[in-house]
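The values are calculated or read from the model by the stated rules, or taken from the named source; none is laboratory data. Just so it is clear, the structure is predicted and the values come from calculations on it, not from any experiment. Using ideal geometry, Cβ is built from the backbone for each residue, glycine included, and neighbour counts are taken over all protein chains shown. Note: areas computed on protein heavy atoms with side chains; ligands, DNA, RNA excluded. Shrake-Rupley method; radii C 1.70, N 1.55, O 1.52, S 1.80 Å.
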Amino acid sequence: MSTNTDLSELFDKTADVMAILGANSFRVLAIQKVARLLRDCPRTVEELAGSGELDNMPGIGKHSAEKIREYLRTGHISEFQDLTRQVPPGVLAMMNIPGLGVKTAALFWREAGITTIEELRRRLDDGTLLNLPGMGAKKLAKIKDNLDFSAGQADRRRLGEALPIADEFCQLLQTIPAIVRTTFCGSLRRGRETIGDIDILVCSDATVHEQIRAAIGRHRHVAEILAVGETKISFRTDRGMQVDIRVVPRPSWGAAMQYFTGSKEHNVRLREMATAKALKLNEWGLFAGDKSIAGETEVGIYEALGLAWIPPEMREDRGEIDLARLMRGQAKADVQTAFPFLSDAPSTWETLQVADIRGDLHTHTVASDGTCTITEMVAAAKHRGYEYIAITDHSKSQILANGLNPQRLLDHIAAIHAVAREVHGIRVLAGAEVDILADGTLDYEDDLLQKLDWVVASPHAALSQETDAATARLVRAASHPLVHVLGHPTGRLVGKRRGLEPDMPRVVMAALRSGVALEINANDLRLDLRDTHVRLAVEAGVPLCINTDAHGIEDFAQIDYGVLTARRGWARKTNILNTRSGPELEQWIQAKRRGDQW
Ligand code: DGT
Ligand code: CA
Ligand code: CA
Ligand code: ZN
């Protein structure tokens, strides 16, 4: 990958090392911020260092700029190396186990001498850790549970990591003239939050595997070519992801796309349907005896089985096959009876598009822990074609994120309104992301909340609460009359932190009663609400907001992941609040403040 990525990872790792060595949390945070800036920066560090701009970048201090230059000169940072040498790699792995964290990892290392995950697993079983301060049986059981959770995720990558890689290789393959079409399939096409391996299909009637081998062999991100056959080429990227490329002839293109998109459970159901009609379905086509009756297009396969085409994100055997059958049927009432929340009884599924999103209602600026100013964020939102944006910086309890105390918030509101008056063609809402405290109360008083145009309420701390406490907390926040949307309601981080595990149907019902919206946080590390929770909200008729929680202008692009997650939860345009026009949103906000039902 690029130097920006390498450096960003180095800074991130060093932040972990410093944390475990007991460094001041503000210093750790500053290093993490540099990591994020480097990752998100559209220009290369080489450029920035060359032009001298590196020294004037907000968020990158003198010390960090010096380190970056050292890296560009020598390929390493000696101070970081010295720090890293002091901590066994297993200890770093330990602190990244969900729910374990710096303090416990340091305790296990210093007080129990644990330096590897295997050792941790053994010691969790033999009971000797019970002697450590603060370690009860319940707490240890939870750690064990989390260890299993992270083992289950071990070789899976986040959607946001896999998708750009897949895109890059698809584009590369597309440059081979004998290749007619290229697409990725598998879990990636279904928009799952984590990806095991990348499945790419190329359509060609020629023999192209040697050309493919040559093209990928030259590519800088290819670490090892694992196998080359006429119809299948596999390789591993420098980040350890496996990619399978399959060559498919034109007549089988649709069948192969269907088969390799999966999911496996969905495919099993389709094959049963085919068998029931005395047909055979495989990756080559749909056959009656030896005769192919469909295969060139995916929609052809579904229609030949008596189904409407099903968007890939819905192919998880969660009722989509029944829906597709009823949608193709004659009686609209059947759809309504089986799926009451689809009151318009669609006969085709109109998939939610990124272009349907008309604004972002959860964004941060330099006032708290963002990297851009209000003006920059607003300009970038306008440039995307958005009709509105809410600026929602952190509230006072978020000390490490530089949360705003009441006086700073008042000043910030004035500053946002000042920008709003200057800029034309986009509505700018003065908002806040208010912490939902452990008991469900909010981090600002009502008279202050009243002054805001838009209130996101989110949990950030106390995320390992028991289910009952978590449910009560979120229900209480959802019921607060001044809240517009619950932001990242569970606080989970994909593959890293389980977050709250509330009784989600009850939270959804509370949102319905009070007319509050629920967020689909589009950041690929969050995707919170997750797909199954989205489905609950859709079925209950609770409005959803897809927000990026942007901490800089680069983050607006994350909206794609939120839209994929929304589709996986069967959300359509009508379910998403921020697909409405500015005036319609305004009306919704007014009605919410008056306490009308949505
Ligand atoms: P992943 O890679 O673990 O994130 O998940 P997928 O869904 O991409 O699974 P993968 O890569 O093992 O296989 C790609 C697709 O190929 C899968 O979604 C469905 C299809 N497929 C794989 N194995 C089978 C199978 O045994 N039966 C059927 N019907 N389909 C399969
Ligand atoms: Ca796959
Ligand atoms: Ca695969
Ligand atoms: Zn947040």
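Every residue, every condition in (1) open to solvent by 60 Å² or more (accessible area, probe 1.4 Å); (2) of a type in the set (D, E, K, R); (3) at pLDDT 90 or above, yes or no:
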position	(1), (2), (3)
7	no, no, yes
15	no, no, yes
53	yes, yes, no
57	no, no, no
66	yes, yes, yes
76	yes, no, yes
81	yes, no, yes
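Suppose the filter is within 16 Å of ligand 2 (Cβ to nearest atom), in a loop (DSSP other than H, G, I, E, B) and either in contact with a helix residue (DSSP H, G or I) (Cβ under 8 Å, 6 or more places away or on another chain) or not aliphatic (A, V, I, L, M) (or both); does residue 316 pass it? Yes: the conditions hold for residue 316. Residue 104 meets all of the listed conditions (1) polar (S, T, N, Q); (2) within 32 Å of the chain's Cα centre (by Cα); (3) open to solvent by 20 Å² or more (accessible area, probe 1.4 Å) but one, namely (3). Here residue 375 fulfils each of the conditions (1) open to solvent by less than 30 Å² (accessible area, probe 1.4 Å); (2) outside any loop (DSSP other than H, G, I, E, B) apart from (1). Restricting attention to the range 572-588, does a residue exist that is assigned to a helix (DSSP H, G or I), charged (D, E, K, R), free of Cβ contacts under 8 Å to residues at least 24 places away in the same chain and under 22 Å from residue 454 (Cα atoms)? Yes, that holds for at least one residue. Scanning the range 102-131 for residues that are closer than 19 Å to residue 13 by Cα and not aliphatic (A, V, I, L, M) gives 103, 104, 109, 115, 116. When residue 303 is tested against the conditions (1) surrounded by 20 or more Cβ atoms within 10 Å (Cβ to Cβ); (2) in contact with a strand residue (DSSP E or B) (Cβ under 8 Å, 6 or more places away or on another chain); (3) not in a loop (DSSP other than H, G, I, E, B), the lone failure is (1).
Residue-wise test of (1) in contact (Cβ under 8 Å) with a residue 60 or more places away in the chain; (2) within 23 Å of residue 321 (Cβ to Cβ).
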position: 215; (1), (2): no, no
position: 222; (1), (2): no, no
position: 239; (1), (2): yes, no
position: 268; (1), (2): no, yes
position: 271; (1), (2): no, yes
position: 286; (1), (2): no, yes
position: 289; (1), (2): no, no
position: 296; (1), (2): no, yes
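For the range 184-198, a residue qualifies if it is open to solvent by 20 Å² or more (accessible area, probe 1.4 Å) and either touching a strand residue (DSSP E or B) at 6+ places or on another chain (Cβ under 9 Å) or part of a strand (DSSP E or B) (or both), and the qualifying residues are 184, 189, 193, 196, 197.
Candidates 400, 449: the one that is assigned by TED's automatic domain parsing to the domain that holds residue 499 and open to solvent by 60 Å² or more (accessible area, probe 1.4 Å) is 400. Given the condition assigned to a loop (DSSP other than H, G, I, E, B) and either within 28 Å of residue 557 (Cα to Cα) or open to solvent by less than 70 Å² (accessible area, probe 1.4 Å) (or both), answer yes or no: does some residue in the range 24-34 qualify? Checking the range 24-34: not a single residue is assigned to a loop (DSSP other than H, G, I, E, B) and either within 28 Å of residue 557 (Cα to Cα) or open to solvent by less than 70 Å² (accessible area, probe 1.4 Å) (or both).
Quick check on my filter: what residues within the range 237-287 are within 19 Å of residue 167 (Cα to Cα), surrounded by fewer than 16 Cβ atoms within 10 Å (Cβ to Cβ) and modelled with pLDDT of 95 or more? Residue satisfying the conditions is 242 alone. The requirement of being farther than 18 Å from residue 375 by Cα and either under 24 Å from the mean Cα position of the chain (by Cα) or without any contact (Cβ under 8 Å) to a residue 60 or more places away in the chain (or both) is satisfied by residue 449. Screening residue 264 against (1) within 30 Å of residue 293 (Cβ to Cβ); (2) within 12 Å of ligand 3 (Cβ to nearest atom); (3) touching a helix residue (DSSP H, G or I) at 6+ places or on another chain (Cβ under 6 Å); (4) not polar (S, T, N, Q) leaves a single unmet condition, (3). Could you say whether any residue in the range 511-527 is of a type in the set (Val, Ile, Thr) and under 27 Å from residue 190 (Cα atoms)? Scanning the range 511-527 turns up at least one residue that is of a type in the set (Val, Ile, Thr) and under 27 Å from residue 190 (Cα atoms). Residue 215 - would you say it is outside any strand (DSSP E or B), open to solvent by less than 70 Å² (accessible area, probe 1.4 Å), away from ligand 1 (no atom under 16 Å from the Cβ) and not assigned by TED's automatic domain parsing to the domain that holds residue 523? Spelling it out, residue 215 is indeed outside any strand (DSSP E or B), open to solvent by less than 70 Å² (accessible area, probe 1.4 Å), away from ligand 1 (no atom under 16 Å from the Cβ) and not assigned by TED's automatic domain parsing to the domain that holds residue 523. A single member of 256, 274 is in the same structural domain as residue 322 (by TED's automatic domain parsing), within 12 Å of ligand 1 (Cβ to nearest atom) and assigned to a helix (DSSP H, G or I), and it is 274.
A residue that is among the acidic types (Asp, Glu) and within 16 Å of ligand 3 (Cβ to nearest atom) cannot be found anywhere in the range 218-225. For the structure I just gave you, tell me whether residue 530 is in contact with an Asp or Glu (Cβ under 9 Å, 6 or more places away or on another chain) and in contact (Cβ under 8 Å) with a residue 60 or more places away in the chain. In short, yes.
If you take the residues in the range 218-236 that are more than 16 Å from residue 167 (Cα to Cα) and open to solvent by 70 Å² or more (accessible area, probe 1.4 Å), which one is farthest from ligand 4 (Cβ to nearest atom)? Per the stated criteria, the residue is 230.
To keep it simple, each residue is scored yes or no on (1) away from ligand 3 (no atom under 16 Å from the Cβ); (2) surrounded by 21 or more Cβ atoms within 10 Å (Cβ to Cβ).
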| site | (1), (2) |
| --- | --- |
| 114 | yes, yes |
| 122 | yes, no |
| 125 | yes, no |
| 131 | yes, no |
| 144 | yes, no |
| 159 | no, yes |
| 162 | no, yes |
| 179 | yes, no |
